[in-house]
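Below: one structure, written as structure tokens.
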Amino acid sequence: MKGEVYYGKGIRELEEGHDDLYNLVTDMNNVVWNGKVLDYKTQKLIAIGITASRADPRATKKQIRSAIEVLGISKEEIVDVLRVVLLTSGMPAFSKSLQILNSVTAAIEEEKEED
């Protein structure tokens, strides 16, 4: 993700003990999230679709939360992506991802009310 925010659990180990590998991951990160042709918002929506289609709940949750909080992507835009997941990956991946989206948006709303 842009700005050296990584979701992989092992990235901190690389940062602390393997500078060469950490720098490689950081360089790759910068090359992927460059916005040359597709803007960052579009790239993030693609990332949501990929993680959702893999039925990876942890990654899907992280991608959705950052999409909403960092980029202001709407719930409706994410639902449009999940429609493609339904078509390409089936009901289980779609249903799980929709549940994640609903729980993330509810949590964000709750956090706003607390502030």
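The values are calculated or read from the model by the stated rules, or taken from the named source; none is laboratory data. Just so it is clear, the structure is predicted and the values come from calculations on it, not from any experiment. A quick note on method: Cβ atoms are made from the backbone with ideal geometry, for glycine too, and the neighbour counts reach across all protein chains shown. Note: areas computed on protein heavy atoms with side chains; ligands, DNA, RNA excluded. Shrake-Rupley method; radii C 1.70, N 1.55, O 1.52, S 1.80 Å.
Taking the highest mean first, how do the peptides 29-36, 97-104, 11-18 order by number of other beta carbon atoms within 10 angstrom per residue?
Details: 29-36: 11.6, 97-104: 19.1, 11-18: 13.1.
Listed from highest to lowest mean packing, they are 97-104, 11-18, 29-36.
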Evaluated over the range 1-111, the Cα radius of gyration and Dmax, each in Å: 14.9, 43
For the range 31-81, convex hull volume per residue from C-alpha positions, Å³: 78
The range 106-115 - phi-based ³J(HN,Hα) in whole Hz, Karplus 6.51/-1.76/1.60, Gly and Pro as x: 5, 5, 5, 4, 5, 5, 5, 5, 6, 7
Distance violations [Cα-Cα > 19 Å] among LYS36/LYS75; LYS61/LYS96; LYS44/LYS112: LYS36/LYS75; LYS44/LYS112
Label-point gap, in nm, between ASN23 and GLU114 - each point 7 angstrom along Cα→Cβ: 4.0
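Out of the total accessible area of the chain (probe 1.4 Å, heavy atoms of protein only), what percent is carbon and sulfur?
The computed percentage sits at 55.
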Mean ellipticity per residue at 222 nm, deg cm²/dmol - from DSSP H runs of n ≥ 4 across the chain, formula -39500 (n - 2.57): -25500 deg cm²/dmol
